[in-house]
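Student: Just passing along the structure, written as C-alpha cells.
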Amino acid sequence: MVTPQQEPPGRQVSGHEPRGSSAAPLMGQMMQMPLLISSLLHHAARHFGDTEIVTRRIEGDLHRYTYADCEVRAKQLAQALLATGVKRGDRIGTLAWNTYRHLEVYYGTSGMGAVCHTINPRLFAEQLVFIINHAEDRFVLFDITFAALVDQLAAQCPQVRGWIALTDRAHLPAMQTPIICYEEWLAAQSGEFDWPQFDELSASSLCYTSGTTGHPKGALYSHRSTVLHAYGAALPDAMACSARDAIMPVVPMFHVNAWGIPYTAPLVGAKLVLPGKDLDGASLYALMESEQVSFSAGVPTVWLGLLNYLSQNNLQFSSFKRTVIGGSACPPAMLRSFEDQFGVHVIHAWGMTELSPLGTLANLKAKHAALPPEAQRHILEKQGHVIFGVDLRIVGIDGLELPWDGVSFGDLQVRGPWVVERYFGQLESPLIDGWFPTGDVATIDADGYMQITDRSKDVIKSGGEWISSIEIENVAMAHPEVAEAACISCAHPKWDERPLLVVVRKPGTEVDRESLLQFYEGRVAKWWIPDDIAFVDAIPHTATGKIQKLKLRELFKNHVLPSVSQMQAEST
Ligand code: AMP
C-alpha cells in the first residue's frame, strides 16, 4: 500500500505534477467503464425491467411497454442503422414529439455510436433546411404529423439518404418523398445485439439553439457529459427523481433533450409518461391523472394552459407533487398558484442548450428552514443554486468578477463538464478565460442563489440605469386579470429607452391601462413603472415557448409613448 508519506518529497497535494518531475502518477485502480448512454437504458432494462413507459401515441391511442421492451427495440434500431451503413459519428435527425419511438431513437442511435440530432419542428423551413444540411444528417426519422413538412424540406436536403416515418404500415402517410416505414425497418432485425463500448468522450447527441440573430448553432454533447448531467439532474436538490416517480416530460424531446429526462428517468428507474403531440390543458390533465404522474417539467407558457384548464373546471391533481419550471422566468404568481391552489411544489430552474441544459435550480438550504414562508418563497422565486457540475460567476463590462451581494448585476458566465466548449463545426471557441458567456444578465446573492434580470439584449436602459424586463412582467402576471405580459424597450428622446408593457387580458376581463399602472405603485421603484401599456390578443412565442421580444420590438417600433408625445407637444 502506498501512503502519502511514501510519496516523493515535493509532491503537490493538488495532484499536479511539479514541473520537471519524473515521478509517475499513482493511478487509481478501479474499473475503467466508459460512461455511455447505452448503459442508462441497459441499467433500467436489467434492474427496472418491468417499469412502464406510457405514450399518448400520435396515432391517438395509449401505448404502454417496459424498459426491457424499449431496450430490445432500441437494439433493433441500432442493428437497422448498422445494416444501412451508418457509422459511428454519423448524425441521425429526428422531427418528433415525446413518444416511446423517439426514446428508442435516442438510445438506438447514440447506443451504436451515431449522434442523435433532435430538430425543433417549430422552426421556420429555411432554418430546418440549414440545420439538417449543416449537421449533414444521414437519415431523418419523423412523426407522421410532420409529413407535409418533410415533403417541403426533402428536396433541399440532398445528403439525407432516407426519411423514416415513425409509424406502422397502416398509418403511413401519402407523401411525395419516398419514405421508409419504421416498424417494418425494426421488424427486420432480431434485437440480439451487444451495445458497443467506446470512448465516453465520443459525440452522442446534437441540439441546435436558434439565436435571434445569425444561423442556429449546434451544441454537440458527449456520452460522458450526458451521463454526468443525468446524475446531476437526479440529485435531491436538483429534480429529485426516484424509482417511485412517474415522470412526464412536457418539455419536448426536440428541445435540449427534454432537459435530460429521457436519460435521468432510466438512471433512477422511474416510470416515464410521454404526452405525444397534444399539450393542451385538458389532454395533459387527463394523462397525468390516468397515469398518476408525480413529477413533470415544462416552460411557463405550457403550464399557463394547464392551470387555466384546472381553474376553469374546478379540478385538482391527485398525484402531481413537483414540477420543474424553466426555459423562461417562472412568474412568482404561477409559482404561488401551483403551490397554494394545487399543492404542487415548484422548482424554478435555469439552463440553456449550451448547458445540456441544467445550470441552477431553486431549492432551500438547511439554514433557510427557520425562515418565515414569505422569505422562503422569495428565495425559491430566484433561478436558484448550482448543482455540482456547474460553476458560475457574474462579470461587469470591464470583464472583472462582480460581488455576490444579490444587487450587483452583470454578464453571467458558466463552466463545467456539461457546458459547451465550442459549437459544432466552428473552430473558434466562444469561451472567455475558460468561461462560457451565457448572454444572460444576473445577480448572485451571498448564499450563491442566482437571479436572471434579463437577456442582455432585452434589458431596458433608461437614463444610464438598467430596468429588468422580467421583474416588470412578473408584477403584471400577479394581476388577477392578466393572462400574459411582455415588457420591451421603447425609444425615448430623454431617457434613451423606457419600458412598454404588452398585455393579454384573461378572457372576459377588462383591466385597463390606468388600473394596471396603479397596480405597480409600491411594487417596483417609481421610475421602473412602464410608460405605457398596449393590450393585444396574443403575444408571439419562439419555437421553444419564449416570448419573441425581437418580433414585439419590431411590431411596436413606431409606438409613441404618451410621455414622448407630451414632450413633442410642449416643444411646439
Ligand atoms: P435555450 O437554449 O433555448 O434553452 O434558452 C436558454 C435561455 O433561456 C437562457 O439563456 C435564458 O435567457 C432563458 N432561460 C432559461 N431558463 C430561464 C429562467 N428560469 N428564467 C429566465 N430565463 C431563462
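None of the figures in this text is laboratory data; all of them are computed from the coordinates on show. Only a predicted model underlies this, so the values are computations on that prediction, with no experimental measurement involved. Here the Cβ positions follow ideal geometry from the backbone for every residue, glycine too, while neighbour counts run over all protein chains shown.
Student: Among Ser190, Ser242, which is the only one that is touching a residue at least 60 places away in the same chain (Cβ under 8 Å) and farther than 17 Å from Leu358 by Cα?
Tutor: On inspection, the qualifying residue turns out to be Ser190.
Student: Among the residues that make up segment 405-418, is at least one of them part of a loop (DSSP other than H, G, I, E, B), hydroxyl-bearing (Ser, Thr, Tyr) and surrounded by fewer than 21 Cβ atoms within 10 Å (Cβ to Cβ)?
Tutor: The answer is yes; a qualifying residue exists.
Student: Please work out which one of (1) in contact with a Cys (Cβ under 9 Å, 6 or more places away or on another chain); (2) farther than 30 Å from Ala446 by Cβ; (3) within 12 Å of the ligand (Cβ to nearest atom) is the condition Gly298 fails and give its number.
Tutor: (1)
Student: Between a residue in segment 65-80 that is in contact (Cβ under 8 Å) with a residue 40 or more places away in the chain and over 13 Å from Arg101 (Cα atoms) and any residue that is of a type outside the set (A, V, I, L, M) and part of a strand (DSSP E or B), which pairs come within a Cβ distance under 8 Å, given they are 6 or more apart or on different chains?
Tutor: none
Student: Of the residues in segment 316-334, how many are on the phi < 0 side of the Ramachandran plot and within 11 Å of the ligand (Cβ to nearest atom)? Break it down into steps so the answer makes sense when it comes.
Tutor: Just the residues of segment 316-334 that are on the phi < 0 side of the Ramachandran plot, to begin with: 316-326, 328-334.
Subset that is within 11 Å of the ligand (Cβ to nearest atom): 324-326, 328-331.
Here the count works out to 7.
Student: Same structure, new question: If you scan segment 197-211, which residues turn out to be surrounded by fewer than 15 Cβ atoms within 10 Å (Cβ to Cβ) and closer than 26 Å to Leu95 by Cα?
Tutor: Residues of segment 197-211 that are surrounded by fewer than 15 Cβ atoms within 10 Å (Cβ to Cβ), as a first pass: 197-199, 201, 211.
Residues satisfying the conditions are Leu201, Gly211.
Student: Only one of (1) under 26 Å from Ser456 (Cα atoms); (2) touching a Gly at 6+ places or on another chain (Cβ under 9 Å) fails for Thr323. Which number is that?
Tutor: For Thr323, the failing item is (1).
Student: Report the residue count in segment 532-543 for those that are surrounded by fewer than 19 Cβ atoms within 10 Å (Cβ to Cβ) and among the acidic types (Asp, Glu).
Tutor: Counting residues in segment 532-543 that are surrounded by fewer than 19 Cβ atoms within 10 Å (Cβ to Cβ) and among the acidic types (Asp, Glu) gives 1.
Student: Does Ile394 satisfy being more than 16 Å from the chain's Cα centre (by Cα), within 16 Å of the ligand (Cβ to nearest atom), over 23 Å from Tyr263 (Cα atoms) and assigned to a strand (DSSP E or B)?
Tutor: The answer is yes for Ile394.
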